[in-house]
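Engineer: My questions will all concern the structure given below.
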Amino acid sequence: MSTREQRSALQAPLVTPALETLLLAAQPAALFLLDSAGVIQHVGGAWERVTEYAAEEVIGRTLASILRLPAAGPDGLLDGSGQSTDARLLTRTGVQAVTVSWQQQGEYIAGHLERCRPGPVRTRGGRDLDQAVYCLGVALDGGQGQHVDRMVSLASRLAEAICLPDEQLREVRWGAALHDVGKSRVPQDILGKNGPLTPEEFEVIRHHPAWGLEIVQALEFLTEPVRTAVLHHHERYDGQGYPYGLRGEAIPLSARIVAIADVFDALTSARSYKPAWSPQDATSYLIAGAGTQFDPWLVRVFVLDVLGFTAFTEQLNGAAFL
Ligand SMILES: [Fe+2]
């Protein structure tokens, strides 16, 4: 080899475009490249496996149309760099909890998505405390029988479906267990009334979240999300709920989760004033209230991932979730 050939070989790039393509294709995360408006320009790595979308389906769309970042807000990707561990990816069949990392690279934003991993196993001490909180919730819920039991199960499954970290899972479980402890201060003749409530009686009922907060505030180990689940579980996403008329994501996440589990279980349970609804009818009610009464994304996760009702996918898609 001549000197010139030797110099040329030394100057040749070690990684050719073909090898670079192979390298990117082998990445375990879903890679994406956005323009400054957040529009997807290129995807690679495990994009198709993680997101269930082919490249040609998403290039030209904004990433925000299939990804939600509760912590960073809808435009959170468009500024600087960061990581969100509780992002949610809208796939064709449901909602997948993902971790998303991104970084500004000149006029582009490069980043990747990974599926969440399950949290650590609970300890014996943690289970004992769970049981104590659960027993307190059952004792003070105004005689609603198995409601608390089912509520804890539904709310926990919804929290797991959005891949909340272990500590937040526990806060949701406890919030669900304690959500109606304030009903212990509502007179039984109002709680158990067969006919319609008078406006005065309804006012008494509406006070149960504030009474609940008074009760749980005495337990100092209960964190803020547990307390806010108790206080705000009757708020509505459109701001028409009570006691404070909070709106949208101003309503704490724990309370938005508990609200969905609470209404679904109330509808599917027989009461003195109504028969039990079928799970399908209760699901249609949740979908009809998505965006007005309930957080629409949580409704979607609940219906598709918790209940597994994929037959409702089209109905959910028609409810302006994208
Ligand atoms: Fe309640």
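The values are calculated or read from the model by the stated rules, or taken from the named source; none is laboratory data. All figures in this text were calculated on a predicted structure; none of them were measured in a lab. Every residue, glycine as well, gets a Cβ built from its backbone with ideal geometry; the counts of neighbours run over all protein chains shown. Surface areas here come from the heavy atoms of the whole protein model, side chains and all, with no ligands, DNA or RNA. Shrake-Rupley method; radii C 1.70, N 1.55, O 1.52, S 1.80 Å.
Engineer: Out of Gly80, Gly60, report the one residue that is at pLDDT 80 or above, assigned to a loop (DSSP other than H, G, I, E, B), out of contact with any His (no Cβ under 7 Å at 6 or more places or on another chain) and farther than 16 Å from Arg115 by Cβ. Steps first, please.
Structural biologist: Working: Gly80 fails: at pLDDT 80 or above.
Sole residue among the options that is at pLDDT 80 or above, assigned to a loop (DSSP other than H, G, I, E, B), out of contact with any His (no Cβ under 7 Å at 6 or more places or on another chain) and farther than 16 Å from Arg115 by Cβ: Gly60.
Engineer: Out of the residues in the range 173-195 that are within 13 Å of the ligand (Cβ to nearest atom) and of a type in the set (D, E, K, R), which is farthest from Thr223 (Cα to Cα)?
Structural biologist: Arg185
Engineer: Tell me, which residue of the range 109-148 that is at pLDDT below 80 and of a type in the set (Val, Ile, Thr) is least open to solvent (accessible area, probe 1.4 Å)?
Structural biologist: Out of the qualifying residues, it is Thr123.
Engineer: If the requirement is being touching a strand residue (DSSP E or B) at 6+ places or on another chain (Cβ under 7 Å), assigned by TED's automatic domain parsing to the domain that holds Ala176 and free of Cβ contacts under 8 Å to residues at least 40 places away in the same chain, which of these qualifies: Ala259, Ala270, Ala276, Ala250?
Structural biologist: Ala259
Engineer: Follow-up question, since we're still on this one. Testing Val204 on (1) away from the ligand (no atom under 11 Å from the Cβ); (2) under 28 Å from Ile287 (Cα atoms); (3) not in a loop (DSSP other than H, G, I, E, B), one condition comes back false. Which one is that?
Structural biologist: Single failed check for Val204: (2).
Engineer: Leu219 fails exactly one of the following numbered conditions: (1) assigned to a helix (DSSP H, G or I); (2) away from the ligand (no atom under 13 Å from the Cβ); (3) open to solvent by 30 Å² or more (accessible area, probe 1.4 Å). What is the number of that condition?
Structural biologist: For Leu219, the failing item is (1).
Engineer: Let me spell it out: the conditions are (1) part of a helix (DSSP H, G or I); (2) under 15 Å from Asp262 (Cα atoms); (3) within 13 Å of the ligand (Cβ to nearest atom), and Ala210 meets all of them except one. Which number is the exception?
Structural biologist: That leaves (2) as the condition not met.
Engineer: Among the residues of the range 264-274, which ones are open to solvent by 50 Å² or more (accessible area, probe 1.4 Å) and not aliphatic (A, V, I, L, M)?
Structural biologist: Passing the criteria: Arg271, Ser272, Tyr273.
Engineer: How many residues does the range 24-41 hold that are under 20 Å from Leu78 (Cα atoms) and loosely packed, with under 15 Cβ neighbours inside 10 Å?
Structural biologist: 4
Engineer: Another one. Can you pull out every residue in the range 32-56 that is farther than 18 Å from Arg88 by Cα and not aliphatic (A, V, I, L, M)?
Structural biologist: Asp35, Ser36, Gln41, His42, Gly44, Gly45, Glu56
Engineer: Moving to a separate point now. Quickly run through the range 149-165 and pick out the residues that are open to solvent by less than 60 Å² (accessible area, probe 1.4 Å), of a type outside the set (S, T, N, Q) and under 14 Å from the mean Cα position of the chain (by Cα).
Structural biologist: Selection gives Leu154, Ala155, Leu158, Ala159, Ala161, Ile162, Cys163, Leu164.
Engineer: Looking only at the range 275-306, count every residue that is open to solvent by 40 Å² or more (accessible area, probe 1.4 Å) and modelled with pLDDT under 90 and tell me the total.
Structural biologist: 2
Engineer: Leu154 - would you say it is modelled with pLDDT of 80 or more, within 16 Å of the ligand (Cβ to nearest atom) and on the phi < 0 side of the Ramachandran plot?
Structural biologist: yes
Engineer: For Tyr237, state whether it is in a loop (DSSP other than H, G, I, E, B), within 16 Å of the chain's Cα centre (by Cα) and assigned by TED's automatic domain parsing to the domain that holds Val152.
Structural biologist: Yes; evaluated as a whole, the condition is true for this residue.
Engineer: Go through the residues of the range 210-230 one by one and say whether even a single one is of a type in the set (Val, Ile, Thr) and within 16 Å of Gln293 (Cβ to Cβ).
Structural biologist: no
Engineer: Scan the range 246-263 and tell me whether some residue there is open to solvent by 60 Å² or more (accessible area, probe 1.4 Å) and not in a loop (DSSP other than H, G, I, E, B).
Structural biologist: Checking the range 246-263: at least one residue is open to solvent by 60 Å² or more (accessible area, probe 1.4 Å) and not in a loop (DSSP other than H, G, I, E, B).
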